[in-house]
Protein chains: 2
Amino acid sequence: MAKRSYQQHCALAKALDLVGERWTLLLVRELLTGPKRYKQLIENLPGMGTNLLAARLRDLQGAELVAHDGTSYSLTERGAELEESVVALARWGSAALAEPIDGELWRASWNVIALKYAFRSDLAKDVVGVIEYRIDDTRVQARIKNGTIATSAEESWKPDVVIEANGETLLALSRGELKPKEAEASGALAVSGDRRLFRSSLRVFRAK
Amino acid sequence: MAKRSYQQHCALAKALDLVGERWTLLLVRELLTGPKRYKQLIENLPGMGTNLLAARLRDLQGAELVAHDGTSYSLTERGAELEESVVALARWGSAALAEPIDGELWRASWNVIALKYAFRSDLAKDVVGVIEYRIDDTRVQARIKNGTIATSAEESWKPDVVIEANGETLLALSRGELKPKEAEASGALAVSGDRRLFRSSLRVFRAK
DNA sequence: CCGGATCCGTAACGATACTG
DNA sequence: CAGTATCGTTACGGATCCGG
């Protein structure tokens with residue numbers, strides 16, 4: 001049975017033919033932070049049937065967007081090029097990120113995407129350093145240099161400043177809804193290391 | 001009945017909750033080139049049932065992404081902010097744009113999106129002018145200034161150069177697979193007006 | 001236990017017919 | 001023209017089962 005296609009000679013339609021089905025871009029999101037095993041994927045995608053995950057992985061391998069080495073799945077180069085699209089959609093969707101709803105899943109690793117879409121290159125021209133966020137025992141790093149950003153879900157670099165907080169606090173900070181002083185005073189936020197870099201980070205990462 | 005949701009506290013998941021369903025982003029693509037009537041939409045989205053189009057339009061109005069004035073549908077400001085995401089996905093998908101397959105739909109207005117994703121701001125710093133493409137009787141304009149681009153599916157500006165060709169020819173040109181001289185000699189391409197701006201356009205619009 | 005495959009009920013989709 | 005109604009088909013979602 002041929003796969004369902006929009007049958008349009010249009011770049012957007014071609015993209016959606018490949019990654020427009022339910023769950024697919026969330027699966028890509030998971031793999032953007034590094035190779036994952038089947039079990040890890042199913043844990044971060046509750047509600048997705050195991051059969052469906054297997055089918056998606058098979059299709060994505062067929063499209064050469066995902067590779068499988070026997071133990072874990074990873075994005076191919078072409079698959080990783082979806083990052084721009086994922087980040088653009090997440091930037092748009094971030095406006096709809098309200099208070100976490102009861103029962104909603106949350107993973108610290110998703111903040112790697114948040115760092116990308118919240119990063120304001122134009123405000124970061126003279127910022128240099130490695131920032132490590134510690135969110136519920138998960139560490140996420142951002143390396144800023146020359147107005148560019150690199151991120152990692154592992155401990156890839158030696159951090160200049162370490163910022164500990166939960167997801168809600170970080171979101172409120174990046175939106176300017178919460179003052180760092182207050183957050184630190186209340187114990188919701190802890191900063192150690194280069195405080196100047198921390199202050200720069202508040203300027204450089206801006207949700208809307 | 002509550003609408004199906006990913007139930008994740010994640011910006012990407014929120015975006016996909018709103019516009020991740022089948023046909024939705026293609027519908028947004030149609031509205032990105034200006035307000036459209038119901039009939040125009042259904043004509044550019046063959047395969048989509050009329051009931052489904054009506055349901056999508058209703059949902060999008062509920063999410064305040066689309067407005068309806070009685071005769072035509074248009075994007076709200078928030079809806080128009082999806083352009084970045086649509087362009088990013090189209091840029092990624094453009095690599096999969098091969099020869100048009102028999103039976104595939106094609107619309108000249110989709111080239112407005114193509115102009116956006118193919119535009120190389122860094123190569124356009126000193127390019128100024130209005131380019132009009134005439135593709136199968138449809139006119140698409142691009143206005144370039146200071147490394148930025150504005151596009152239009154209507155005749156919004158007075159063109160400095162007019163480029164006539166079909167979609168395949170333009171795609172081949174933008175990919176560098178076809179030389180302008182040959183295209184003009186064969187009659188597949190006609191250029192009138194500022195030829196210098198035409199040459200600049202070949203540099204500035206680059207598919208991959 | 002991991003990595004699926006199989007089965008089956010439900011919801012979404014797609015085509016067509018019909019209506020104000 | 002702009003939808004609604006209906007209905008068959010496909011995709012999804014949950015549970016269970018199975019081989020390594």
Can you tell which of A:60, A:45, A:26, A:31 is under 17 Å from residue B:85 (Cα atoms), more than 10 Å from DNA strand C (Cβ to nearest atom) and free of Cβ contacts under 8 Å to residues at least 60 places away in the same chain?
A:26
Residues of region A:24-46 satisfying the condition of being within 12 Å of DNA strand D (Cβ to nearest atom), touching a strand residue (DSSP E or B) at 6+ places or on another chain (Cβ under 9 Å) and either farther than 29 Å from residue B:115 by Cα or not in a helix (DSSP H, G or I) (or both)
A:27, A:38, A:45, A:46
Out of all the residues in region B:188-208, which are at pLDDT below 95 and surrounded by fewer than 13 Cβ atoms within 10 Å (Cβ to Cβ)?
B:203, B:208
State yes or no: is residue B:132 over 29 Å from residue A:81 (Cβ atoms) and at pLDDT 95 or above?
yes
Would you be able to tell me the number of residues in region B:47-67 that are of a type in the set (Val, Ile, Thr) and not in a helix (DSSP H, G or I)?
1
Among the residues of region B:89-115, write down those that are small (Gly, Ala, Ser) and farther than 26 Å from residue A:25 by Cα.
B:103, B:108, B:109
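Which of the residues belonging to region A:1-23 are more than 12 Å from DNA strand D (Cβ to nearest atom) and not in a strand (DSSP E or B)?
Of the residues in region A:1-23, the ones more than 12 Å from DNA strand D (Cβ to nearest atom) are A:6-15, A:18.
Those that are more than 12 Å from DNA strand D (Cβ to nearest atom) and not in a strand (DSSP E or B): A:6, A:7, A:9, A:10, A:11, A:12, A:13, A:14, A:15, A:18.
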For residue A:78, are the conditions met, namely being buried (at least 16 other Cβ atoms within 10 Å of the Cβ) and at pLDDT 95 or above?
no
Given B:87, B:112, which one is surrounded by 14 or more Cβ atoms within 10 Å (Cβ to Cβ) and under 19 Å from residue B:166 (Cα atoms)?
B:112
Filter region A:2-39 down to the residues that are on the phi > 0 side of the Ramachandran plot and more than 7 Å from chain B (Cβ to nearest Cβ), then identify the one that is modelled with the lowest pLDDT.
A:34
Selected residue (only one of B:107, B:134, B:120 is without any contact (Cβ under 8 Å) to a residue 60 or more places away in the chain and surrounded by fewer than 21 Cβ atoms within 10 Å (Cβ to Cβ))
B:134
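The values are calculated or read from the model by the stated rules, or taken from the named source; none is laboratory data. These numbers were taken from a predicted model, which means no experiment stands behind them. Counting neighbours? That spans all protein chains shown, and the Cβs are built from the backbone with ideal geometry, glycine included.
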